[in-house]
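Structure first, then comments.
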Amino acid sequence: MKLLVFSLILFSFFVSNINSITITVPPNSKECVFEKIDKRTSVTLLYQVVSGGGMDINPEISEPDGRVVYRRDREQEGKFTFLSRSVGMYKFCFGNEMSHVTSKQVNFNIQLSGGHSNSEIAKKEHLTPLENGVLELQEQLRSILSEQRYLKVREHIHRNTTESTNSRVLWWNFLQTFLLIAISATQIIYVRRIFERRRRI
Amino acid sequence: MKLKNLLFIVCLLGLVTALQFDIGQREEKCIYEEIEHDSLVTGDFELMDPILLHPEFIIYNPQKQVIQKKQTNQPGKFAFHTDQTGDYHFCFSTKKPQPSLQSGTIQRVSFNYKYGIAARDYEDIAKKEHLGPLEREIRKMQDQVLEIHTDIIYAKGREEAMRNTNESTNSRVMWFSILSILVLFTTGILQVYYLKGFFKKRKII
């Protein structure tokens with residue numbers, strides 16, 4: 001019975017949610033999200049710019065007391081892991097101060113693992129090898145899921161670029177051909193006019 | 001007794017931590033994520049103290065149509081089933097005329113959602129099928145792996161579509177350049193012939 005309860009504890013602990021959300025950051029501003037995090041939790045922020053202008057963003061992570069843990073300038077994507085030192089509201093910001101016109105769309109996810117009660121109940125000798133195996137499988141499944149969601153967003157970005165390139169090739173070429181014909185016709189008409197004028201004089 | 005306390009603590013930690021952000025007056029702030037079709041999406045929202053504004057909570061489907069609209073006066077929950085794969089937007093909107101407060105008033109909102117396997121209630125399934133805690137977790141992993149498999153197959157399809165687009169771009173670049181060169185030569189030759197005829201006519205040549 002004790003064993004079952006312990007198993008229940010450990011299994012319900014490792015169920016954590018990895019949501020890959022996208023937010024829009026308007027030009028000349030900073031968008032922040034807050035999350036309440038326990039101490040001694042491993043926090044990982046993964047972010048990538050989905051669309052907009054130069055595809056760069058200024059990320060910033062702050063602790064509850066205001067101290068900045070991570071700050072970068074004009075990054076397209078990045079990953080940062082840190083161990084939380086205190087309980088409280090952690091701030092994750094993305095700044096678009098470098099752009100005055102275009103807004104940026106940033107996809108990010110915040111992964112939390114561990115947590116301070118993990119050390120209280122990580123008594124592995126109480127678990128059978130089967131339960132140990134299941135626990136390991138769960139961890140690995142979680143990392144597969146996290147990679148998959150990251151790749152999903154990357155694929156989305158690449159698809160946008162590809163489709164944009166494809167339509168650009170078509171339309172700019174039409175424009176080019178049209179301009180070529182128009183310019184040569186204009187040249188002929190202009191030369192004709194010069195000689196017709198000379199004739200009249 | 002100590003065990004029960006531990007159980008309580010850890011079950012709390014196992015819950016999803018909610019995202020919080022600020023919303024001002026007369027704006028709409030959205031979070032979106034790409035969700036596969038035929039997924040159950042559940043979640044909840046809440047206004048944090050101090051409550052100064054009452055934004056509306058709106059969910060849009062990939063076609064930007066409204067799926068659900070909810071008032072945030074009370075902490076609320078939502079659930080829906082997706083009928084297509086695409087970007088689903090979860091928005092808080094203060095665009096509706098609010099009693100005007102001093103400009104710069106912001107409201108902290110808390111929001112959380114899950115979809116797919118994470119949204120399913122495995123306690124319920126475990127009770128129905130009489131599964132122990134170990135079996136329940138294995139069952140959950142089984143469903144998760146199936147979901148990953150489906151996602152990967154879908155991703156393969158999209159990668160193929162992208163490959164087709166790329167190959168089309170590649171051949172377009174070549175053919176359109178050849179067309180441009182041909183047009184250049186043709187207009188050049190036509191110009192020369194036309195001018196020759198023109199000058200002959202005017203007896204200049």
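The values are calculated or read from the model by the stated rules, or taken from the named source; none is laboratory data. What you are looking at is a predicted structure, and each value in this text was computed from that prediction instead of being measured. When we count neighbours, we look across all protein chains shown, and the Cβ atoms used for this are built from the backbone with ideal geometry, even at glycine. The protein model used for the area step is the full one, side chains on, heavy atoms only, and it has no ligands, DNA or RNA in it. Shrake-Rupley method; radii C 1.70, N 1.55, O 1.52, S 1.80 Å.
Before moving on, here are some points about what is shown:
- Only one of the numbered conditions (1) over 30 Å from A:ASN160 (Cβ atoms); (2) surrounded by 14 or more Cβ atoms within 10 Å (Cβ to Cβ) is not met by B:PHE78, and that is (1).
For (1) over 30 Å from A:ARG159 (Cβ atoms); (2) in contact with an Asp or Glu (Cβ under 7 Å, 6 or more places away or on another chain); (3) without any contact (Cβ under 8 Å) to a residue 40 or more places away in the chain; (4) open to solvent by 70 Å² or more (accessible area, probe 1.4 Å), each residue gets a yes or a no:
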site	(1), (2), (3), (4)
B:PRO62	no, yes, yes, no
B:ILE67	no, no, yes, no
B:THR82	no, yes, no, no
B:ASP87	no, yes, no, no
B:CYS91	no, yes, no, no
B:GLN102	yes, no, yes, yes
B:THR105	yes, no, no, no
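- Per the listing A:GLN105, A:GLN148, the residue uniquely at pLDDT 90 or above and at the interface with chain B (Cβ under 9 Å from one of its Cβ atoms) is A:GLN105.
- Long-range neighbours under 6 Å by Cβ, at least six apart or interchain, first residue within 27 Å of A:ARG192 (Cβ to Cβ) within region B:172-200, second modelled with pLDDT under 90 and open to solvent by 100 Å² or more (accessible area, probe 1.4 Å): B:PHE199/B:ILE205
- The set of residues in region B:115-131 that are open to solvent by 70 Å² or more (accessible area, probe 1.4 Å) and within 11 Å of another protein chain (Cβ to nearest Cβ) contains only B:GLU123.
- Any hit, region B:132-139, residues being on the phi < 0 side of the Ramachandran plot, buried (at least 16 other Cβ atoms within 10 Å of the Cβ) and either touching a residue at least 24 places away in the same chain (Cβ under 8 Å) or hydroxyl-bearing (Ser, Thr, Tyr) (or both): no
- Which numbered condition B:VAL41 misses (of (1) modelled with pLDDT under 90; (2) touching a helix residue (DSSP H, G or I) at 6+ places or on another chain (Cβ under 9 Å)): (1)
- Consider region B:140-164 and keep the residues that are touching a residue at least 12 places away in the same chain (Cβ under 8 Å) and facing chain A (nearest Cβ under 10 Å). The one that is surrounded by the most Cβ atoms within 10 Å (Cβ to Cβ) is B:LYS140.
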